[in-house]
Amino acid sequence: MSVWMLVSPLLMLGLGGLLVMLVDAFVDEKAELPILTAILLAVAGGVAAAGIVNYDNVALAGAPEYLTRYLAFDRFALFFDVVVCGGAALSALLAGGYLREHDLERGEFYILIIYAALGAMVLGHAIDLLTIFIGLETMSLGAYAMVAFRRTSARAVEGAVKYFLLGSFAAAILLFGSALLYGATGHTDLAGIGEAIEGGNASIKLVLMAMFMMIVGLAFKVSAVPFHMWTPDAYEGAVTPATTFMSVAVKSAAFAVMVRVLLTVFGDDLSASAASGWPPVIAGLAAITMVYGNLAAIGQSSVKRMLAYSSVAHAGYAMVGVVAAFRVEEIAVSSVLFYLMAYTVGNVLTFGALIWFGSNGREAVSYEDLAGAGRRHPLVALPFVIGVLTLMGFPPTAGFFAKYYVFNAAVQAGGGMIWLAIIGVLSSAVGAYYYLRVIVFLFMKEPQPGAPIAIPMRSGYVAFVMIIAGYFVMKMGITPGPYLDLAMSAAEQFVS
Amino acid sequence: MSTSNFVLFLVSGGLAIVGAIGTVASRKPLRAAVALLLHIIALAALYLTLHAELLAALQLLVYAGAIVVLFVFVIMLIGPAAEVPSNPRGKITRLLSLVVGGSVMATVSFALVGHTAPRLPMLRNEAGENIFGTVEGMGVAIYQQALVPFELVSAALLVAIIGAIAIARSRTPQEQAVVVERQAERIELAAARDAELAQATAKVGS
C-alpha cells in the first residue's frame, strides 16, 4: 500500500468539501446535505481506521519528502483522524435534525464542519510549527463562524465575538512562542527543535519563554482554567451541533498538538521533569481546571452551560494524562487517547439527547425545561441518562474506563502525580452532583404549572446518532480492550 | 549588519511599534486604520533589512494597497464619526493589565538580550546562486518546499470566506419558502398529536 492511502482522508475532506459546496449550489433547498457530509466524513474516518489496521503494510519509505516534512503519517495522527472524523460526522447528523427543527438550515454549516474537521486533522498530523499554525487557524475560523451561525441571537453573537477575540490572542501568543523557538534553534520542524534543545544548542531563556507561550496558546484551545473564560459563553450561544463539534473535534485536535509539542519539542531532561519545565505547569493547570470546572458547573441553571463547564473539567482530567506522559510515556499517552475517544462519544450522546428534547424552535436548555420529561418520553431520556453517566464516569460506561486509565497513568508516574489523581477522583465525585441532577429532573420532578413542556423532535438523524453514540459508549465500557489496544498502538509508535 | 542597515532597522522597527500601538489605542476607527498603514509600511521596510525584497513589495501591494483600503471603505460605510466608547473597566483592572503586560514584555526582552540567532544556510538554486528573497526563491520556497502548507492555507482562506458568508448572508426566497413549508408541516403534526392525546385522555376519563 502506498502512503497515499494515509493521505487520502485529508484529500477526501479537502475535495469533498468542494463537492458538497457544488451540490449545495445546484440542488434544491430540501437536499439531504447532512447525509452527504456524514458519509464523506465517515468514509474518511474509515479509511484512516483501515490505515491504522494495515499500518505495517504501508510503504512509508517511499513517501515524497515535501509531504513528510510537514505532516506525519503515524498511527497517532491516524488515530486523531478517526476521532475527529467520527465526532464531526455525528455532529453533522445532529445538525441535520437540529437546524431543520429550528429553521436554521443552510448549507454553509456542513461545509464549515468539513473544513474545520480538515483543520483539526491537519493538527493531528502536524510536525512543523507552520502546519500547526495553519491547521489551528483553519479549525478555529470554522469554529468561530459556527458559533456565530445563529446571527439573530444576541447570545450567539456575544459568544462568537468573545471566542474570536480571545482565540485570536491565543493564536498570536502561540505564534510568538513559535517565533521564539525558531529564533532559538533555527528550526521549524518539531523534531529539529527538540534535537537542538536536547543538544544544548538553544538559549534556555528563550526556550522557556517559548514553552510558556506555547502552553498558554494550547491551554486556551483545550479551555483549561484560567484560559476558559470564553467556553461557557461560546458553548451556550452556539447552535448545539456546533457546541458538540467544538467540544469533541476541536478539543481532541488541541490535545493532539499539546501531546506532540510537549513530548517532541520539550522532551529533554530539563524541560520534562518533576521539578522543572512543563510537567509542574501542566499539573497545576490540570488541578485547578478539574476543581474549578466541577465547582462552577454546580451553580448553573442551564444544562447547556453546565455541560460547557463539564467540558472544562474534562479537559482537566485529560491533562492529568498529559502530565503523566513525562514519566510513563506509553501508558499516559494511550490513556489520553482513550479518554478523548470515550469523551467524544459520551459528549455526542449527551448533547444529542439535549438536542432531541427541543422541537419547533424551542430548545430544552435549563434543568426546568427537562422536568418530568423522562417520564413522558422514557425512550428519549435513555440516551441522556447514559450520556450523563458516562460523563460522570459511572461503570460500565466508556467514561469509567477513560477516567480509570488517566488516573492510573498518574499513579504509575508516582511522586506528586498521585496527588493529582486524588484531586481528580475527588473532583469527579463533586461532578456526580450536577450530572445526577439531570436524571433527578428528568424523572423525579414535575414541570411548574403553566411552564412550557419540552416536546422531543422527530428526527431520524438524531435518533440514528443516539444509537451509534450509545452503542460505542456501552461497548467501550464493557469491552474496553480493543479500544485501549488501538490507543496503545497509536501511543507506542509515537513515543518511540 | 552594516550601520545604514542598522539605522534602517531602528527607524522602521520603532515606527512599526508606534503604528501597532496607534492601531489598538486610538478611539477613532479611521485613525486606527491609518496607524495600521504606518505599521504595515514599517514592516515592509523591516523585510527590506532582511533582504526579502519581493516580500516587502507584496506586503505593500496586498496589505497597504488592498486591505487597508478595504478597511477604510468599511469605516466610511459605517460612518467615520463612529467612536469606540471609553474603556468601561476600572482603574485597578487597567493598572493590573499594564503590570502583567509590562512584565511579560520585560521577560521576553530579558530572554532576547545578547541572543544571536543561529546562522542558517541560504536558499540556493541549482547553479549555486543565493536566491533568497527573489521571485525565484519565493517560488522554490512556496511551490517546492512548502507545497503542503501552501495548499492548506487555501483551505484556511476558503473556510474564512465560507464563514463570512454564513454569518452575513440572509435567506434566499427559496430557502424561506422551504422554512415556511416545514413550519406548516410541524404545526400539522403537533395538532394531530394533540388530537390523539385528547382522544386518549377522553378514553381514560370515560
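Dividing the summed -39500 (n - 2.57) terms of all DSSP H runs of n ≥ 4 by the residue count of chain B sets its mean residue ellipticity at 222 nm at -23500 deg cm²/dmol.
Over all pairs of different C-alpha atoms in the stretch A:300-358, the reciprocal of the mean inverse distance, the Kirkwood hydrodynamic radius, equals 12.6 Å.
Using Cα atoms only, what is the angle between the long axis of helix A:417-444 and the major principal axis of chain A, expressed in degrees (0 to 90) to the nearest 10? Approximately 10 degrees, to the nearest 10.
Divide, for chain B, the radius of gyration over alpha carbons by 2.2 N^0.38 Å, where N is the residue count.
Ratio of Cα Rg to 2.2 N^0.38 Å: 1.73.
The share of accessible area on the stretch A:277-496 that comes from carbon and sulfur is 70 percent, using a 1.4 angstrom probe. With all protein chains in place and ligands, DNA and RNA left out, the 1.4 Å accessible area ranks B:His39, A:His125, A:His102 as B:His39, A:His102, A:His125, largest first.
When each of the peptides A:88-95, A:210-217, B:158-165 is scored by how many other beta carbons lie within 10 Å of its residues on average, the order from highest to lowest is A:88-95, A:210-217, B:158-165. So how tilted is helix B:147-168 from the main axis of chain B? Cα-based, degrees 0 to 90, rounded to 10. Once rounded, one gets 40 degrees. For A:Glu65, the solvent-accessible surface computed with a 1.4 Å probe is close to 120 Å², ligands and nucleic acids excluded. Residues of the stretch A:60-93 losing 30 Å² or more of accessible surface, assembly versus chain alone, probe 1.4 Å, please list them. Residues shielded by partner chains are A:Tyr66, A:Arg69, A:Tyr70.
Sparse packing (at most 16 other Cβ atoms within 10 Å of the Cβ) combined with a DSSP loop state is found for the following trypsin sites (Lys or Arg not before Pro) in the stretch B:103-184: B:Arg119, B:Arg169, B:Arg171.
Taking N as the residue count of the stretch A:277-496, its C-alpha radius of gyration divided by 2.2 N^0.38 Å amounts to 1.06.
When the Cα positions of A:Met5, A:Ala89, A:Ala287 are compared along the charge dipole of chain A, A:Ala287 comes out farthest toward the positive end, with charges on each C-beta of Lys, Arg, Asp and Glu. Selection among A:Met457, A:Ala324, A:Ser489 by position relative to the dipole of the stretch A:277-496 gives A:Met457 as farthest towards the positive end (Cβ unit charges, Cα centre).
Remark: the stretch B:1-82 carries 63 Å² of accessible area per residue (probe radius 1.4 Å; ligands, DNA and RNA excluded).
Equivalent ellipsoid of the stretch B:99-206: semi-axes from √(5λ) of the C-alpha gyration tensor, largest first, are 66, 27, 14 Å.
Computed over the Cα atoms of the stretch B:1-82, pair by distinct pair, the Kirkwood hydrodynamic radius stands at 13.3 angstrom. For the stretch A:310-357, the per residue solvent-accessible surface stands at 12 Å², with DNA, RNA and ligands left out and a 1.4 Å probe.
As a ratio to 2.2 N^0.38 Å, the alpha-carbon radius of gyration for the stretch A:1-110 is 1.22. Between the listed residues A:Tyr433, A:Ser153, A:Ile467, the Cα displaced farthest toward the positive end of the dipole of chain A, a dipole computed from Cβ unit charges relative to the Cα centre, is found at A:Tyr433.
Pairs from the table (A:Lys162/A:Lys304; A:Lys162/A:Lys403; A:Lys205/B:Lys28; B:Lys28/B:Lys91) lying more than 28 angstrom apart at Cα are A:Lys162/A:Lys403; A:Lys205/B:Lys28. Where does chain A land at 222 nm, in deg cm²/dmol rounded to the nearest 500, when only DSSP H runs of n ≥ 4 count, each adding -39500 (n - 2.57), divided by all residues? After summing the helix terms and dividing by residue count, I get -24500 deg cm²/dmol. Electrostatic tally near A:Leu340: other residues with Cβ closer than 14 Å to its Cβ, Lys and Arg +1, Asp and Glu -1, net +3. Using Cβ point charges alone (K and R +1, D and E -1), the dipole size of the stretch A:277-496 about the Cα centre works out to roughly 540 debye. Pair-distance distribution of chain A: all C-alpha pairs, bin width 20 Å, starting at 0; shares per bin in whole percent are 26, 59, 15, 0.
Would you jot down the residues in the stretch A:174-208 that end up with at least 50 Å² less accessible area in the complete protein assembly than in the chain alone, with a 1.4 Å probe? Buried on complex formation: A:Lys205, A:Leu206. Per-atom-type breakdown for chain B gives carbon and sulfur 72% of the accessible area (1.4 Å probe, protein chains only). Can you give the angle from 0 to 90° between the axis of helix B:91-112 and the longest principal axis of chain B, with both taken from C-alpha atoms, to the nearest 10? Result, in degrees: 40. Here B:Lys203 is the anchor, and the aspartates and glutamates within straight C-alpha reach of less than 15 Å, apart from those fewer than 8 places off in the same chain, are B:Asp194. The B-A contact accounts for roughly 4000 square angstrom of buried accessible surface, both chains included, probe 1.4 angstrom. Excluding same-chain neighbours fewer than eight residues apart, the aspartates and glutamates reachable from A:Lys445 by a Cα-Cα span under 16 Å are A:Glu368, A:Asp369. Residues A:Phe326, A:Phe443, A:Phe266 ordered from highest to lowest accessible area at a 1.4 Å probe: A:Phe443, A:Phe326, A:Phe266. Placing +1 on the Cβ of every Lys and Arg and -1 on the Cβ of every Asp and Glu, with nothing else charged, gives the protein assembly as shown a dipole about its Cα centre of roughly 1980 debye.
Can you pull the mean other chain C-beta count within 10 Å for peptide A:124-131?
Neighbouring Cβ atoms belonging to other protein chains average 2 per residue here.
FRET efficiency for the pair B:Leu70 and A:Phe443, taken as 1/(1 + (r/R0)^6) with r the Cβ-Cβ distance and R0 = 45 Å, rounds to 0.20. Contact residues in the stretch B:150-190 by the 50 Å² criterion (accessible area, 1.4 Å probe, full protein complex versus chain alone): B:Leu152, B:Leu158, B:Val159, B:Ile162, B:Ala166, B:Ile167, B:Arg169, B:Arg171, B:Arg182, B:Arg186.
The values are calculated or read from the model by the stated rules, or taken from the named source; none is laboratory data. Computed from a predicted model, the values in this text were never measured in an experiment. When we count neighbours, we look across all protein chains shown, and the Cβ atoms used for this are built from the backbone with ideal geometry, even at glycine. Surface accessibility is based on the protein's heavy atoms, side chains included, excluding ligands, DNA and RNA. Shrake-Rupley method; radii C 1.70, N 1.55, O 1.52, S 1.80 Å.
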